[in-house]
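To keep things clear, I will list the structure first and then write my remarks on it.
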Amino acid sequence: TAKIPELKEARSRRLESVGVIGGGTMGAGIAVSVLDAGLPVVMVEQDAAALARGRARVEQVYDLLVKKGRIPADERAARLARLTGATTYDALGEADLIIEAVFEDMAVKQAVFAQLDRVAKPGAVLATNTSYLDVNQIAAATRGPADVLGLHFFSPANIMKLLEVVVGSDTAPDTVATGFELARRLRKIPVRAGVCDGFIGNRILAVHRQAADMMMEDGASPYDIDAAVRAFGYPMGPYQMADLAGGDIGWATRKRRAATRDPALRYVQIPDRLCERGWFGQKTGRGFYLYPDGARQGTP
Ligand code: NAI
């Protein structure tokens, strides 16, 4: 685990506009969270179709909020009016803070940050929402690693309160302060994390999940395990969480770690078997639970 640099007295940089790269599960949730805070968002996706899907994800969240009576219809319109979309990085030239939420793949993220290095204005803060990748390696794709940090949101990003502010070895104190200022504006709870495999929240959840997987292999049903964990006061159990996050995320990590895994340790293969069938959870309509016709609530 890398040592976390001391946070000296530092003030946030300007934070009036935000760019979000990727309109998938996380990018859309992060966009909602920022729009809710009253800041404008530019969402960048790979092509027009992906951008339309990203925008639709954001609209879906607001449709539900209106339906539940949490916000009036004109508030939905006002928040959506602050969202603009683009398929080229040039649209990010005015953003004070840019949050990358593309696929969890080092080469893809480095290519994105090399582009950001070209288009971002001087002093813009560049953040990655990576779950497990090395923030220093991502920052190395730019000429200004002092401007780069991790801002690790949790899914659903517009609801979950925790925001891990991941400090790289070259991250400037005012870059860190800007991450904390974002958390304050979004009404989230920021925690400082160093560059390490999984940061804080996911490392803790991984231990829960490992225990749950062993019980499942021994015969416990994932639904009973989830019910037990919910009874402790958690909003959802480990398998509901896995389906929400998307099985592909954990699968990529398990494959990456396969070479260094201690063969003497017990390894439960059930989650890999699900992934091999393309059962990635909510996003594919099937995971540990079934989600027929885009249902958000899974059935065993
Ligand atoms: P996703 O697959 O739902 O969305 C990724 C999006 O990025 C896609 O819409 C894709 O079209 C877009 N994209 C890919 N390359 C791009 C590029 N070069 N330019 C613009 N857009 C591009 O993935 P998800 O789940 O949203 O994850 C994104 C990141 O967030 C990953 O790094 C993941 O590890 C991290 N994360 C995921 C969490 C989760 O629960 N799913 C939680 C916290 C972090």
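The values are calculated or read from the model by the stated rules, or taken from the named source; none is laboratory data. As the structure is a prediction and not an experimental result, all values here were calculated from the model. In this analysis, Cβ positions are derived from the backbone assuming ideal geometry, glycine residues included, and neighbour counts consider all displayed protein chains. Calculation scope for accessible area: heavy atoms of the full protein, side chains included, ligands and nucleic acids excluded. Shrake-Rupley method; radii C 1.70, N 1.55, O 1.52, S 1.80 Å.
Among the residues of region 134-148, those that are more than 17 Å from PRO122 (Cα to Cα) and of a type in the set (Val, Ile, Thr) comprise VAL135, ILE138. Answer yes or no as to whether PRO238 is closer than 17 Å to TYR223 by Cα and buried (at least 20 other Cβ atoms within 10 Å of the Cβ). Spelling it out, PRO238 is indeed closer than 17 Å to TYR223 by Cα and buried (at least 20 other Cβ atoms within 10 Å of the Cβ). Here the condition is being over 21 Å from GLU164 (Cβ atoms) and within 14 Å of the ligand (Cβ to nearest atom); of ALA127, ALA111, ALA101, it holds for ALA111 alone. Residues of region 19-46 that are surrounded by 18 or more Cβ atoms within 10 Å (Cβ to Cβ) and at positive phi: GLY22 alone.
When residues of region 131-161 are filtered for being open to solvent by 10 Å² or more (accessible area, probe 1.4 Å) and assigned to a loop (DSSP other than H, G, I, E, B), how many remain? So the count comes out to 16. Number of residues in region 184-201 that are open to solvent by 30 Å² or more (accessible area, probe 1.4 Å) and under 17 Å from the mean Cα position of the chain (by Cα): the value is 7. Here the strands (runs of 3 or more DSSP E) wholly within region 70-130 that include at least 1 residues being open to solvent by 60 Å² or more (accessible area, probe 1.4 Å) are 83-86.
Every residue, every condition in (1) among the charged types (D, E, K, R); (2) under 30 Å from GLU9 (Cβ atoms), yes or no:
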residue: THR175; (1), (2): no, yes
residue: GLY179; (1), (2): no, yes
residue: PRO190; (1), (2): no, yes
residue: LEU205; (1), (2): no, no
residue: ASP224; (1), (2): yes, no
residue: ALA231; (1), (2): no, no
residue: GLY246; (1), (2): no, no
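When you look at THR171, is it within 16 Å of the ligand (Cβ to nearest atom), among the hydroxyl-bearing types (Ser, Thr, Tyr) and either in a loop (DSSP other than H, G, I, E, B) or more than 25 Å from ASP36 (Cβ to Cβ) (or both), yes or no? So THR171 does not fit the description; no. Return a yes/no flag: does region 34-51 have any residue that is modelled with pLDDT of 95 or more and either within 23 Å of ARG192 (Cα to Cα) or in contact with a His (Cβ under 9 Å, 6 or more places away or on another chain) (or both). Checking region 34-51: at least one residue is modelled with pLDDT of 95 or more and either within 23 Å of ARG192 (Cα to Cα) or in contact with a His (Cβ under 9 Å, 6 or more places away or on another chain) (or both).
Here's the yes/no breakdown for (1) farther than 19 Å from ALA157 by Cβ; (2) within 16 Å of the ligand (Cβ to nearest atom); (3) at pLDDT below 95; (4) touching a Pro at 6+ places or on another chain (Cβ under 7 Å):
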{"position": "ALA206", "(1), (2), (3), (4)": "yes, yes, yes, no"}
{"position": "PRO235", "(1), (2), (3), (4)": "no, yes, yes, no"}
{"position": "GLY250", "(1), (2), (3), (4)": "no, yes, yes, yes"}
{"position": "ALA264", "(1), (2), (3), (4)": "yes, no, yes, no"}
{"position": "TRP279", "(1), (2), (3), (4)": "yes, yes, no, no"}
{"position": "ASP293", "(1), (2), (3), (4)": "yes, no, yes, no"}
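When GLU181, GLU164 are checked against the criterion of being open to solvent by less than 40 Å² (accessible area, probe 1.4 Å), within 15 Å of the ligand (Cβ to nearest atom) and charged (D, E, K, R), a single residue qualifies: GLU164. Here are GLU59, GLU16: which of them is out of contact with any helix residue (DSSP H, G or I) (no Cβ under 9 Å at 6 or more places or on another chain), surrounded by fewer than 19 Cβ atoms within 10 Å (Cβ to Cβ) and under 23 Å from LYS188 (Cα atoms)? Checking each option against the conditions leaves just GLU16. Exactly one residue out of ARG57, ARG79, ARG118 is at pLDDT 95 or above, of a type in the set (D, E, K, R) and more than 14 Å from the ligand (Cβ to nearest atom): that is ARG79.
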